Amino acid sequence: MGKMTVTKLLEKKKKGEPITMLTAYDYTFAKLVDEASIDVILVGDSLGMVILGYPSTLPVSMEDMIRHTQAVARGTTNAMVVADMPFLSYQVNEDEAVRNAGRFLQEAGAEGVKLEGGKSVAPIVKRMATAGIPVMGHLGLTPQSVHAFGGYKVQGRSEASARELLADAQALEAAGCFSIVLECVPANLGQEVSRALSIPTIGIGAGNQCDGQVLVLYDCLGLTTDLNPKFVKHFAHLREEVGKGLKQYIEEVKDRRFPSKDQSF
Ligand code: KIV
């Protein structure tokens, strides 16, 4: 299929072809996801919870994100690699934001960055886009604002907040975003925003009328079972598989079946 690009994603939206996106955080999984022909790999700051065991995405640093993006980029041939900008890497001032975004392209091998927020981040998006950095927006339940929201809650349920979210999406498009993630919003709002924009929306808990879908890879594969939001579907059951394999390894070591002659010199 060749390398996925911003232009090809826009063409997919025009043709009504759903865009596929998954997160990945390391070389091995990036290779698997890329070989499955995914369109976009997101190195999400969800790695704070999934990989590093933090209670939220807030402690994730630029160095964490750069290191994991480098690993994902090394494992990826065709998918477009987008890296999440971590908390406080773009909110403090515009110069720092552009420099941090640029590091993902210059040092880590990403082809775009994602940041959270609406109208308030539009000037930053404009600076990045002007510098040639493709920017993906993120609206709705933006996990870096978990404390401001008072928890992980569906957003845009009231008419006023739905209008505000649509205005935010239009501001991000005008500022130069190439795509916007819509997280945890009612399905009818996901559809309305997707129809109102000419750039693709990527939904997670935003209904099936978004221009694409994204899931956290470990949720998609059934590796995470502690947090199970309603929008997650397990497309494989790797937790059970891994558990079985580990039990068998332990048994075979204990009763000296492993290593057998086949694995011995
Ligand atoms: O960090 C992440 O993985 C994300 C996706 C869930 C959209 O932002």
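Below are the figures for this structure:
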read-out	value
Hits in region 57-76 (condition: part of a loop (DSSP other than H, G, I, E, B) and more than 11 Å from the ligand (Cβ to nearest atom))	Leu58, Pro59, Ser61, Thr76
Selection from region 198-237 of residues that are among the aromatic types (Phe, Trp, Tyr) and away from the ligand (no atom under 14 Å from the Cβ)	Phe235
Residue in region 78-86 that is away from the ligand (no atom under 16 Å from the Cβ) and touching a residue at least 60 places away in the same chain (Cβ under 8 Å) present	yes
Residue check for Leu22: aliphatic (A, V, I, L, M) and touching a residue at least 24 places away in the same chain (Cβ under 8 Å)	yes
Residues located in region 145-158, provided they are of a type in the set (A, V, I, L, M, F, W, C) and touching a residue at least 60 places away in the same chain (Cβ under 8 Å)	Val146
Among residues of region 197-210, those that are touching a residue at least 24 places away in the same chain (Cβ under 8 Å) and in contact with an Asp or Glu (Cβ under 9 Å, 6 or more places away or on another chain), counted	9
Enumeration of residues in region 159-183 that are in contact (Cβ under 8 Å) with a residue 60 or more places away in the chain and farther than 23 Å from Lys230 by Cα	Phe178, Ser179
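Where a number appears in this text, it was derived from the coordinates with a stated rule and is not lab data. Since we're looking at a predicted model, the values are computed, not measured. A quick note on method: Cβ atoms are made from the backbone with ideal geometry, for glycine too, and the neighbour counts reach across all protein chains shown.
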